[in-house]
Number of protein chains: 2
Amino acid sequence: MQYPKSLEDLIVEWMKYPGIGRKTAERYAMFTVNQLSKETVELFAQTLLDAKSKINPCKVCGHFTDLEICEICADHQRDGSKVMIVESSKDVFTIEKSGTFKGLYHVLNGALSPINGIGPNELNLFTLWTRLENQEIKEIIIATSATQEGEATALYIKRVLQNTDILVTRIGYGVPVGSNLEYADDLTLVKAIENRRVF
Amino acid sequence: MQYPKSLEDLIVEWMKYPGIGRKTAERYAMFTVNQLSKETVELFAQTLLDAKSKINPCKVCGHFTDLEICEICADHQRDGSKVMIVESSKDVFTIEKSGTFKGLYHVLNGALSPINGIGPNELNLFTLWTRLENQEIKEIIIATSATQEGEATALYIKRVLQNTDILVTRIGYGVPVGSNLEYADDLTLVKAIENRRVF
């Protein structure tokens, strides 16, 4: 027996999300038609469209924002001489929550992974080189994940910057190896940022 | 630091789904704006609306369908003398997948739970009594979950039917106690239906 077509279509859409398999997708689809009010479903559909159309990468750092320039880049109270390089916007929120860093960010939107066809051109690096020319940056703190891809990305950026005056550091102490930044607790992040070493 | 408003709104909507907490909602919201194409998000929003507007409970049995009368009730090949009572439409799909039952269904859309304010009037029972008057039903197979609520519901239906000629049975053998039907494998369901006992 098959699900009604419109329900099956919805299940297929849910399965496009990471970690949602067939059973979970069925559950969410049924919850949608069974438990949620028409108004709630309409609101959900509208917020999906709104978020997708309004959220764009910041022209300076790549962090996503609903403005032209994100609120971090636009904040002149922050220390523009330090730029922390992270893999994703999620990492920016994670570090901001810990409250330990008052510099700026640069979001790569990924990490080097030759096997998956992700080279330097696939990352948000071009705007980083532009920033280095136009802004007075004294320190680049590399906060990519402690994974193979994150390390490769860190090494790549270090090599590009090795003949410049810029101090390149890497967060290290505390972040568990093989894990993503988003799972680190605040204290671990505080330690990791305090104990950054020259890279 | 706060998320951009349209992203925060989306996170809140995701959290309305069962089992989706703040972290998971953030992940899905970011995946939506970061990884999915505009077309995919538009399609997702549209399928949500379509499913919600097209899927309705079958006028006869309460199982959801995009037709007036669901395809099971409309199928004259099926044995209309047996009606299996289940808590949700999901259970209908689960039992249909096992292929062991050729009768009809009645979907209660819940189970008795006085603590949560769910009494007989909150369940799809009125249409069941109508069916008993209008159709020639010989056996009612109660397939509510082996939970406290499911058992209470089974007992309630048994009591209402005790002075009629209808044979009331309860699936029993095989379905793990305290679990929901949807997690039972096909073989367990075959056993449970074969070994139903007079209730």
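The values are calculated or read from the model by the stated rules, or taken from the named source; none is laboratory data. Remember, it's a predicted structure, so these values are computed and weren't measured experimentally. All Cβ positions, even for glycine, are placed from backbone atoms using ideal geometry, and neighbour counts span all protein chains on display. Accessible surface areas use protein heavy atoms only, side chains included; no ligands, DNA or RNA. Shrake-Rupley method; radii C 1.70, N 1.55, O 1.52, S 1.80 Å.
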If you place +1 on the Cβ of every Lys and Arg and -1 on the Cβ of every Asp and Glu, how big does the dipole about the Cα centre of the stretch B:1-138 come out, in debye to the nearest 20?
300 debye
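Probe radius 1.4 Å, ligands and nucleic acids left out: can you give me the accessible area buried at the A-B interface, summed over both chains, in Å² to the nearest hundred? Could the numbers behind the result be given before it?
Working: alone 12560 and 12540 Å², together 19550 Å².
Interface between A and B: roughly 5500 Å².
Can you tell me the relative contact order of chain B? Whole percent, Cα pairs under 8 Å, sequence separation 6 or more.
Value for chain B: 16 percent.
What does the C-alpha gyration tensor say about the overall shape of chain A? Classify as rounded when a/c is under 1.5, otherwise prolate if a/b is larger than b/c, or oblate.
Values: a/c = 2.26, a/b = 1.96, b/c = 1.15.
Taking the square roots of the gyration eigenvalues as a ≥ b ≥ c, chain A is prolate.
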Cut-off under 5 Å, modelled amide H: who pairs with residue B:169 long-range:
B:140, B:141, B:142, B:199
Distance from the stretch A:5-67 to the stretch B:75-139 (C-alpha centre basis), Å
32 Å
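Among residues other than residue A:108 whose Cβ falls under 11 Å from its Cβ, what is the net charge (Lys/Arg +1, Asp/Glu -1)? Display every interim value, and only then the final one.
Values: positive: none; negative: A:87, A:91, A:122, A:149.
Residues near residue A:108 contribute -4 overall.
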If a paramagnetic tag sat 7 Å from the Cα of residue B:34 along the Cα-Cβ line, which residues of the stretch A:74-110 would have the backbone N under 19 Å from that point?
A:84-99, A:104-110
Would you compute the Debye intensity of the protein assembly as shown from its alpha-carbon atoms alone, equal scatterers and no solvent, and pass along log10 I(q)/I(0) at q = 0.12 Å⁻¹ to two decimals?
-0.92
Need one value for A:36-44: mean number of C-beta atoms belonging to other chains within 10 Å of its residues' C-beta atoms.
5
Residues of the stretch B:74-189: accessible area per residue with a 1.4 Å probe, Å²:
50 Å²
With the contact rule set at Cα under 8 Å and sequence spacing of 6 or more, what percent relative contact order holds for the stretch A:78-194?
30 percent
Taking beta carbons within 10 Å but only from partner chains, what does the mean come to for residues A:78-91?
1
Given labels modelled 7 Å from the Cα in the Cβ direction, how far is it in nm from residue A:162 to residue A:186?
4.0 nm
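Over 29 Å between C-alpha atoms is what I'm after, so list which of A:90/B:38; A:38/B:90; A:38/B:102; B:54/B:138; A:5/B:5 land there. Write out the running numbers ahead of the final one.
Values: A:90/B:38 20 Å; A:38/B:90 20 Å; A:38/B:102 33 Å; B:54/B:138 33 Å; A:5/B:5 34 Å.
Among A:90/B:38; A:38/B:90; A:38/B:102; B:54/B:138; A:5/B:5, the Cα-Cα distance tops 29 Å for A:38/B:102; B:54/B:138; A:5/B:5.
Mind checking the dipole of the stretch B:63-170: about its Cα centre, +1 per Lys or Arg Cβ, -1 per Asp or Glu Cβ, Debye to the nearest 20?
Details: 10 positive and 15 negative charges, 66 e Å.
So the dipole magnitude of the stretch B:63-170 works out to roughly 320 debye.
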Calculate the mean, over all residues of peptide A:9-17, of how many other protein chain Cβ atoms lie within 10 angstrom of the residue's Cβ.
6
Shortest first and in nm with one decimal, please list how far the residue A:167 label point sits from its counterparts in the other copies (point 7 Å along Cα→Cβ).
8.5
Length-normalised contact order for the stretch A:1-74 - Cα pairs under 8 Å, 6+ apart - percent
15 percent
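Roughly how big is the protein assembly as shown's charge dipole about its Cα centre, with Cβ charges of +1 (Lys, Arg) and -1 (Asp, Glu), in debye to the nearest 20? Could you put the intermediate results ahead of the total?
On the way: 44 positive and 52 negative charges, 132 e Å.
That gives a dipole near 640 debye.
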